[in-house]
Amino acid sequence: MIPHKDRVIFLDVDGVLTHQAYGGDFRTSVAPSCLALLNELTDATGAGIVVSSAWRLLDRSMADLVGRFARVGVTGKVVGRTPILNHIDGVGRRPGEIAEWLARRGPRGPRVAVALDDDIPDGAWLPEPVVLVRTEFAYGLQRRHVEAALHVLLSDGGEGSVEPERCVAR
């Protein structure tokens, strides 16, 4: 099994930890059922969380962002946030920001990664080793998404272990 530091979850919040039927304040709380599933995923894999959500814009410092996630009950370790890029050629904004975060890490980057996101379209390009686990804003994170993410994050990250261009668990 690969070391925990080599596993990353790129996390969108709205549509993953919150959803259409959730009645809470979208900037200060998350849906308890979705939170429990995320915590289960990070507990099982030890994967670090990289915030790719617009929530990363709410706090100036990483310490404040980490505090925000702790206050809503996230137990996994927040290890970073994607950069904010104003101009990206040829790819969508979020995939480009994920690619930039990975590029800045070079060979120290993760060997396996998932993007839990409801905004990245099916079939969108994502940099290796990222696999999209696409949620839906109507329901947020569900058991099938966690199972798909576990499959990716607990793989060895070797050649052919997962199809990187494949969108799983819609």
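Overview of values
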| read-out | value |
| --- | --- |
| Failed item, numbered, when LEU57 is tested on (1) over 25 Å from ASP6 (Cβ atoms); (2) at pLDDT 90 or above | (2) |
| Residue check, GLY90 at pLDDT below 95, assigned to a loop (DSSP other than H, G, I, E, B) and exposed (fewer than 13 other Cβ atoms within 10 Å of the Cβ) | yes |
| Unique match (being without any contact (Cβ under 8 Å) to a residue 12 or more places away in the chain and buried (at least 19 other Cβ atoms within 10 Å of the Cβ)) among GLY106, GLY96, GLY140, GLY48 | GLY96 |
| Among the candidates VAL152, VAL168, residue that is in contact with a strand residue (DSSP E or B) (Cβ under 9 Å, 6 or more places away or on another chain), modelled with pLDDT under 90 and not hydroxyl-bearing (Ser, Thr, Tyr) | VAL168 |
| VAL78 within 12 Å of the chain's Cα centre (by Cα) and open to solvent by less than 10 Å² (accessible area, probe 1.4 Å) | no |
| Candidate set from segment 127-136 (those that are out of contact with any strand residue (DSSP E or B) (no Cβ under 6 Å at 6 or more places or on another chain) and not in a strand (DSSP E or B)); member that is surrounded by the most Cβ atoms within 10 Å (Cβ to Cβ) | THR135 |
| Residue among VAL114, VAL152 that alone is assigned to a strand (DSSP E or B), among the aliphatic types (A, V, I, L, M), open to solvent by less than 20 Å² (accessible area, probe 1.4 Å) and touching a residue at least 12 places away in the same chain (Cβ under 8 Å) | VAL114 |
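The values are calculated or read from the model by the stated rules, or taken from the named source; none is laboratory data. For clarity, every value in this text was computed on a predicted model and none was experimentally measured. Here Cβ is always computed from backbone atoms with ideal geometry, including for glycine, and neighbour counts include all displayed protein chains. Keep in mind that these areas ignore ligands, DNA and RNA; they rest on the heavy atoms of the full protein, side chains included. Shrake-Rupley method; radii C 1.70, N 1.55, O 1.52, S 1.80 Å.
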